[in-house]
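Accompanying notes for the structure given below.
The values are calculated or read from the model by the stated rules, or taken from the named source; none is laboratory data. Just so it is clear, the structure is predicted and the values come from calculations on it, not from any experiment. Neighbour counts run over all protein chains shown; Cβ positions are idealised from the backbone, glycine included. With ligands, DNA and RNA removed, areas are computed over all heavy atoms of the protein, side chains included. Shrake-Rupley method; radii C 1.70, N 1.55, O 1.52, S 1.80 Å.
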Amino acid sequence: MTSRTERRGVSAALKQGQITPTELCQKCLSLIKKTKFLNAYITVSEEVALKQAEESEKRYKKGRSLGDLDGIPIAVKDNFSTSGIETTCASNMLKGYVPPYNATVVQKLLDQGAVLMGKTNLDEFAMGSGSTDGAFGPVKNPWSYSKQYREKRKQKPHGEKEDSDWLITGGSSGGSAAAVAAFTCFAALGSDTGGSTRNPAAHCGVVGFKPSYGLVSRHGLIPLVNSMDVPGILTRCVDDAAIVLGMLAGHDPKDSTTIQDPVKPFTLPTLTDVSKLCIGIPKEYLAPELSGEVRSFWSKAANLFESEGAKVIEVSLPHTSYSIVCYHVLCTSEVASNMARFDGLEYGHRCDINVSTEAMYAATRREGFNDVVRGRILAGNFFLLKENYENYFIKAQKVRRLIANDFVKVFNSGVDVLLTPTTLRGAAPYLEFIKEDNRTRSAEDDIFTQAVNMAGLPAVSVPVALSNLGLPIGLQFIGRAFCDQQLLKIAKWFEKQVQFPVIQLQELMDDGSSISEIEKLASVSLKH
Amino acid sequence: VLNRRCVEAAVMTGLALNCRINKKSLFDRKHYFYADLPAGYQITQQRLPIAVNGSLAYSVCVGKKPSRVITKTVRIKQIQLEQDSGKSLHDELRSQTLIDLNRAGVGLLEVVLEPDMSCGEEAATAVRELQLILQALGTSRANMAEGQLRVDANVSVHHPGEPLGVRTEVKNLNSAKFLAKAIDSEIERQIHELENGREILNETRSFDYKLGCTMPMRDKEGKQDYRFMPEPNLPPLLLYDTESLPPGADPQQVINIDWIRERLPELPSETRERLIQQYGILPEHSFALLNEVGLLEFFQNVIKETRAEPKKVTSWVLNIFLGFLKQQNLAVNESPVTPSALAELLNLLDRKAISSTAAKQVFEELWRSEGKTPSQIVSEKQLELMQDQEALERACHTVMEGHPQVVMDVKRGNPRAINKLIGLVRKATLSRADPTAIKEILERKLSP
């Protein structure tokens, strides 16, 4: 088993010529094909990727690589616009839609020489916490097929029944999380509105980072909730997330909500002494639905910090219980607004009805959107009606301010980061998960993550350990606004302490030898 | 993303209209579904617009010569920045609508006036003044026919002392003239309805040019709930003045209201005042000079090159020049006569090289045939005034001798008789004598 302590940065490997970008690209493409059953990708941009790899190779040959990301395979969630590559948001509404421009974050990655493997699957329009409600089908959690999980389940050998109890990835950036977890790329972009990057990261055993709102440009990210959305970063280790953040952060004139200050790429320093840190444990996050296992890991993590000299204190975020309702009102209101542009006239799906414009709108939107999306639009429009605006929208904005202030107060009292669970439990089997509707699940699963979006703070989910079932459990660190580096520094220390195991997927691959090679290579980070 | 030039234009317009500029203003989304609105919402400033509480002064001329000028004011409720939608072109024949999205998203300035005007002419005059102001500021060319300025009128009637009646909104007006007509016809219609016991519906009506009255518009339904919501992608717009400007602020990123105020160009009302002071012309002439695009510039260019008195120049520009333009439906910049040409002509007139009748002839010729200078035309047509005083005296003498009866009339005190003599002398001199000089000589000769 390859452990994380054995690092051989793939960036270094590329620079030293131990492997070429084209070889790396091809290996990842082959892995994508082998893991097709996971349904992590909606579009695999094979031609584009190979071309980019070829160009990267030329640069390396000349000794002129663009940086740490040059030649590195990445994947992008299918709600980011990619020029010339279909962008669907996993919705019938945008099936066949090919944007004429790249989202700023995509452009930045491409400018660094990254190789785009494809667009990953999600819940339709990023609404959901399972990656199960997209027009292209659900995403399967790679851990469903891991040795660790199968052993614990005392599984019968391969048969068709085996696949019927596969696990969800969490959502809505499930495709990106699965793509990273299955080694098909080194980093993936997700989006995070209420936890959509952190939730699947926890379920798939990868690092899911949500930057501070305003740090990374949203231009080209098809919006869900403009005031809460951020592009999220999914990687196999914290260092990699930091590298990607360094490339993406900074002011974008095309996004008026980004901060003005320029941001330079940075190397994450290694923290060795946590004795000066103060870790906050929000008492309201001790939810009754929290599984015993997660609670136990949370406790152990707190103890770990304490044993290493950090100050660990209980803090209070008193308005936590109102958070989910408040989020619901504000989220659906903005969704109703943002979805108004999908009318079938200019792009995307258009129905066949020609009777009148109104009839055309109605049919197009009914055909193009799934129930989840339509439900949120209706709810949002209700809250925005003149007679309801004051009581719902304005009230929710006020409550949002209170929630954000809760965090400010806590951070002002000397706390450096908060430590909380990311999810209530490990990944659920799909058949279990779909017993409740999307709205119920979202309300349950977003419980630890959405207050962070309301407050615009940075947060990261770090895989901690495997549950009794052999499934990944993640814990969340929440930092001060724009102290993303500090947050990642602490997360990196923690990651080193817990030594989360590498997923073992060999069983599924027929082709024995080359797999371990890929795995060995793919399981490492970008840098030393 | 907010366009800086739009914000500057809004501030300039707000200052020119005496508004209070809100140092903080907000953007909202106004939601409705329409084919020419691709986002399904329009970004506007419903909660807190960029400028409020201003005024627009306009002058109505009462009576003919001499006309009195009365100044009226209409209050400006607010000025707001918003997005334009696309353009719908209805193809009735094929039952389809073509949508042109080229202008969707372009910045607009909406100026909302209070209901302080009472008839079509007032509204049209106010709008014309607004056009002049916008043109002077450079914020818009404000041509209604080209859609650079779009005007909707809200019309209601009420008995004196009672509150304002139900209003209708009249759209589809592409000139100030039709604006006035539409308003007046709508006022008439409303009065007629009310007097016949019916009610006025709060509806949108379109002006029908052929029928000369307003008709209800099919497209717009009753009241819509626009579900206003703050625009999350545009932070509040903060403007500064010299006092509140943060130190070390990047001038590219901030707008200083005082800086803009100091650089405001001369507004039409100021220009008119200045013309009156500077050239001693009458207020109504000052008005007229500003009322035609390019006329003021033409006038000023003539003044620069001529020694003639401003009053003379004014008279020539407003009566003769403008008359010719209007007759042939030309704009000032299409005039075949250049300011230099007219200046030269006026110089000739001024030093009495030609008579005013001759001058008019020359002008006609200038208008018809480009390229010739006034001097050339004068010599070609031999229109020079007689400079020879003695010859003129002889001519007068000859006429007087030849018409003793008329001379008698003059001596008897008939005031018109002298004109007859002048006319005869002019005929005799082939109109090459200055009537004033003739008159002077005759009077001298006739006096005892």
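What to note about this one:
- The single residue among B:Leu48, B:Leu37 that is within 14 Å of chain A (Cβ to nearest Cβ) and among the aliphatic types (A, V, I, L, M) turns out to be B:Leu37.
- Selection over the stretch A:273-284 of residues that are surrounded by fewer than 19 Cβ atoms within 10 Å (Cβ to Cβ) and either modelled with pLDDT under 95 or touching a Pro at 6+ places or on another chain (Cβ under 8 Å) (or both) gives a count of 4.
- Some residue of the stretch A:350-360 being in a strand (DSSP E or B), away from chain B (no Cβ under 11 Å) and over 20 Å from A:Lys398 (Cα atoms): no
- Taking each residue of the stretch B:1-23 that is modelled with pLDDT of 95 or more and surrounded by 20 or more Cβ atoms within 10 Å (Cβ to Cβ) and looking for partners that are assigned to a helix (DSSP H, G or I) and of a type in the set (Gly, Ala, Ser) with beta-carbon atoms closer than 7 Å, six or more apart or interchain, yields B:Ile21/B:Gly14.
- Filtered residues of the stretch B:232-272 (kept if surrounded by 11 or more Cβ atoms within 10 Å (Cβ to Cβ) and among the polar types (S, T, N, Q)): B:Asn233, B:Thr242, B:Ser244, B:Asn256, B:Ser269, B:Thr271
- All conditions but one from (1) assigned to a helix (DSSP H, G or I); (2) exposed (fewer than 15 other Cβ atoms within 10 Å of the Cβ) apply to B:Leu342; the one that does not is (2).
- Residues satisfying the stated conditions in the stretch A:94-108, i.e. open to solvent by 10 Å² or more (accessible area, probe 1.4 Å) and hydrophobic (A, V, I, L, M, F, W, C): A:Val98
- The listed residues are A:Leu50, A:Leu24, and the only one of them that is farther than 15 Å from A:Thr120 by Cβ, at pLDDT 95 or above and of a type in the set (A, V, I, L, M, F, W, C) turns out to be A:Leu50.
- For the residues A:Asp165, A:Asp78, A:Asp111, the requirement of being open to solvent by 30 Å² or more (accessible area, probe 1.4 Å) and either within 15 Å of the chain's Cα centre (by Cα) or closer than 22 Å to A:Asn468 by Cβ (or both) singles out A:Asp165.
- Search result, residues across the stretch A:396-419 that are within 14 Å of chain B (Cβ to nearest Cβ) and open to solvent by 40 Å² or more (accessible area, probe 1.4 Å): A:Gln397, A:Lys398, A:Arg401
- Test: A:Thr364 is surrounded by fewer than 21 Cβ atoms within 10 Å (Cβ to Cβ), over 29 Å from the mean Cα position of the chain (by Cα) and within 14 Å of chain B (Cβ to nearest Cβ): no
- Of all the listed residues (B:Lys420, B:Lys439, B:Lys360), the sole one being more than 22 Å from B:Glu309 (Cβ to Cβ) and open to solvent by 50 Å² or more (accessible area, probe 1.4 Å) is B:Lys420.
- Residue identified as of a type outside the set (Lys, Arg) and either facing chain B (nearest Cβ under 10 Å) or touching a Gly at 6+ places or on another chain (Cβ under 7 Å) (or both) among A:Tyr322, A:Tyr392, A:Tyr327: A:Tyr327
- Restricting attention to the stretch A:11-51 and to residues that are of a type in the set (A, V, I, L, M, F, W, C) and over 25 Å from A:Thr82 (Cα atoms), the residue that is farthest from the chain's Cα centre (by Cα) turns out to be A:Ile19.
- Residue in the stretch B:396-411 that is open to solvent by 20 Å² or more (accessible area, probe 1.4 Å), in contact (Cβ under 8 Å) with a residue 40 or more places away in the chain and not β-branched (Val, Ile, Thr) present: yes
- When residues of the stretch A:367-387 are limited to those that are part of a helix (DSSP H, G or I) and hydrophobic (A, V, I, L, M, F, W, C), the one surrounded by the fewest Cβ atoms within 10 Å (Cβ to Cβ): A:Leu378
- Residues of the stretch A:396-414 that are farther than 20 Å from A:Ile447 by Cα and either among the basic types (Lys, Arg) or under 26 Å from the mean Cα position of the chain (by Cα) (or both): A:Lys409, A:Phe411.
- Matching residues, the stretch B:158-205, being acidic (Asp, Glu) and open to solvent by less than 30 Å² (accessible area, probe 1.4 Å): B:Glu186
- None of A:Lys300, A:Lys264, A:Lys254 is open to solvent by 70 Å² or more (accessible area, probe 1.4 Å), out of contact with any Leu (no Cβ under 8 Å at 6 or more places or on another chain) and within 14 Å of chain B (Cβ to nearest Cβ) except A:Lys254.
- Selection within the stretch A:445-467 - in a loop (DSSP other than H, G, I, E, B) and within 15 Å of A:Arg295 (Cα to Cα): A:Ile447, A:Phe448, A:Ser467
- Some residue of the stretch B:161-170 being at pLDDT below 95, touching a helix residue (DSSP H, G or I) at 6+ places or on another chain (Cβ under 6 Å) and not assigned by the TED database to the domain that holds B:Leu295: yes
- Among the criteria (1) surrounded by fewer than 24 Cβ atoms within 10 Å (Cβ to Cβ); (2) assigned to a helix (DSSP H, G or I); (3) of a type outside the set (A, V, I, L, M), the one A:Cys28 does not fulfil is (1).
- Among residues of the stretch B:1-34, those that are assigned to a loop (DSSP other than H, G, I, E, B) and within 14 Å of chain A (Cβ to nearest Cβ), counted: 8
So that you can scan it fast, the table gives a plain yes or no per residue for (1) out of contact with any Leu (no Cβ under 7 Å at 6 or more places or on another chain); (2) part of a strand (DSSP E or B); (3) not basic (Lys, Arg):
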| residue | (1), (2), (3) |
| --- | --- |
| B:Asn174 | yes, no, yes |
| B:Glu188 | yes, no, yes |
| B:Asn202 | yes, no, yes |
| B:Phe207 | no, yes, yes |
| B:Lys223 | yes, no, no |
| B:Pro232 | yes, no, yes |
| B:Pro235 | yes, no, yes |
| B:Ser244 | yes, no, yes |
| B:Gly248 | yes, no, yes |
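- Sole residue being open to solvent by less than 10 Å² (accessible area, probe 1.4 Å) and of a type in the set (Ser, Thr, Tyr), chosen from A:Ser91, A:Ser83: A:Ser91
Per-residue answers, yes or no, for (1) within 20 Å of A:Leu330 (Cβ to Cβ); (2) in contact (Cβ under 8 Å) with a residue 60 or more places away in the chain; (3) hydroxyl-bearing (Ser, Thr, Tyr); (4) more than 14 Å from chain B (Cβ to nearest Cβ):
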{"residue": "A:Asp192", "(1), (2), (3), (4)": "yes, yes, no, yes"}
{"residue": "A:Ser196", "(1), (2), (3), (4)": "yes, yes, yes, yes"}
{"residue": "A:Ile222", "(1), (2), (3), (4)": "yes, yes, no, no"}
{"residue": "A:Met228", "(1), (2), (3), (4)": "yes, yes, no, no"}
{"residue": "A:Arg236", "(1), (2), (3), (4)": "no, yes, no, yes"}
{"residue": "A:Ala241", "(1), (2), (3), (4)": "no, yes, no, yes"}
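- Selection status of A:Ile447, open to solvent by 40 Å² or more (accessible area, probe 1.4 Å) and either touching a residue at least 12 places away in the same chain (Cβ under 8 Å) or among the hydroxyl-bearing types (Ser, Thr, Tyr) (or both): yes
- Filter result for A:Val335 (modelled with pLDDT under 95 and within 14 Å of chain B (Cβ to nearest Cβ)): no
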